[in-house]
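Asker: One structure, as structure tokens, below. Some questions next.
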Amino acid sequence: MSEVKARQLAIDTRLRLGLQSTEHFDVYRAVISLGITCVKRPLESSISGATLKTDRVKVILVNSSKSLGQQNFTIAHEMYPCLYDDNLVSRACKTESFDRSSDSEHIADLFATHLLMPEDAILNQLRLRKRLDKRLTLADVINLEQFFGVSRKAMCWRLENLKLITRDENDRYSHIR
């Protein structure tokens, strides 16, 4: 159920911002359009980001010592509680863990995944590169990672989730720098 909910909320958010399912999602434009303040600061911890939300203010804090791709994913992840978690006041989290230890964290990761990397957009990019029916290479993964502005880990996880690469390819491509 959480996958369906996260996907639908991501679609709704894209539509609210006037974006098609194949377009690049600019997290910085989105937070401005949605009235969310985004603060980037280096944090000496493993925390990727945090959210503070009141009736009048929505603030996302992003750990700027993480990669740009992970920062983008963190912003998209933190948009979920800002926009859709009515019970939240504040929280800190590690993004891109894709685990199910916390239902709201898992939904936020899924939301960010569908918001930043919709299946339609991935398939469209592969079609444009004439790679739709071919085994994906590291070059394909890097191209997609750069187009979507996400980390290699997030891109590989998404491609494995869509069954476009295997678990072994995910492990191999995720660790090549």
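Asker: Taking a 1.4 Å probe, which of HIS175, HIS24 shows the most accessible area, and what order do the others take after it?
Answerer: From most exposed to least exposed: HIS175, HIS24.
Asker: Right, here's the next one. Probe radius 1.4 Å, ligands and nucleic acids ignored: give me the carbon and sulfur share of the accessible area of the chain as a rounded percent. Working shown, then result.
Answerer: Numbers: 4670 of 9320 Å².
Looking at the chain in its full context, I get 50 percent from C and S.
Asker: Excluding ligands, DNA and RNA, what is the solvent-accessible area per residue of the range 2-55 at a probe of 1.4 Å, expressed in Å²?
Answerer: Spelled out: the 1.4 Å probe surface of the range 2-55, per residue, equals 61 Å².
Asker: Please get the size of the charge dipole for the chain, origin at its Cα centre, with Cβ charges of +1 on Lys and Arg and -1 on Asp and Glu, quoted in debye to the nearest 20.
Answerer: Taking the Cα centre of the chain as origin, the dipole is about 460 debye.
Asker: Among DSSP beta bridges whose residues both lie in the range 21-89, state the antiparallel percentage, nearest 5.
Answerer: Roughly 50 percent of the beta bridges in the range 21-89 run antiparallel, per DSSP.
Asker: Let me ask something additional. Using 0.36 nm per residue, how much length does the chain from ILE47 to LEU128 gain when fully extended, once their Cα-Cα distance is taken away? Display every interim value, and only then the final one.
Answerer: Working: separation 81, 0.36 × 81 = 29.16 nm, distance 3.64 nm.
Result: 25.5 nm gained on full extension.
Asker: Considering only DSSP beta bridges where both residues belong to the chain, give the percentage that are antiparallel (nearest 5). Before the final figure, lay out each step's value.
Answerer: On the way: 9 of 14 bridges.
In the chain, approximately 65 percent of DSSP beta bridges are antiparallel ones.
Asker: Turning to a different aspect of this structure: Once you have all Cα-Cα distances for the range 123-171, histogram them in 10 Å bins from zero and send the whole-percent values.
Answerer: 28, 64, 9
Asker: Something else now. So which trypsin sites (Lys or Arg not before Pro) in the range 32-91 end up in coil per DSSP with only 10 or fewer other C-beta atoms within 10 Å?
Answerer: ARG56
Asker: Write down the Kirkwood hydrodynamic radius of the chain, to one decimal in angstroms, obtained as one divided by the mean of 1/r over all alpha carbon pairs.
Answerer: Result for the chain stands at 16.4 Å.
Asker: Please report the relative contact order for the chain, taking Cα pairs under 8 Å with a sequence separation of at least 6, and give it as a percent rounded to a whole number.
Answerer: 23
The values are calculated or read from the model by the stated rules, or taken from the named source; none is laboratory data. Because the structure is a prediction, the values reported are computed rather than measured. Positions of Cβ are backbone-derived with ideal geometry, glycine not excepted, and every protein chain shown enters the neighbour counts. Note: accessible area is taken over every heavy atom of the protein model, side chains too, but ligands, DNA and RNA are not part of it. Shrake-Rupley method; radii C 1.70, N 1.55, O 1.52, S 1.80 Å.
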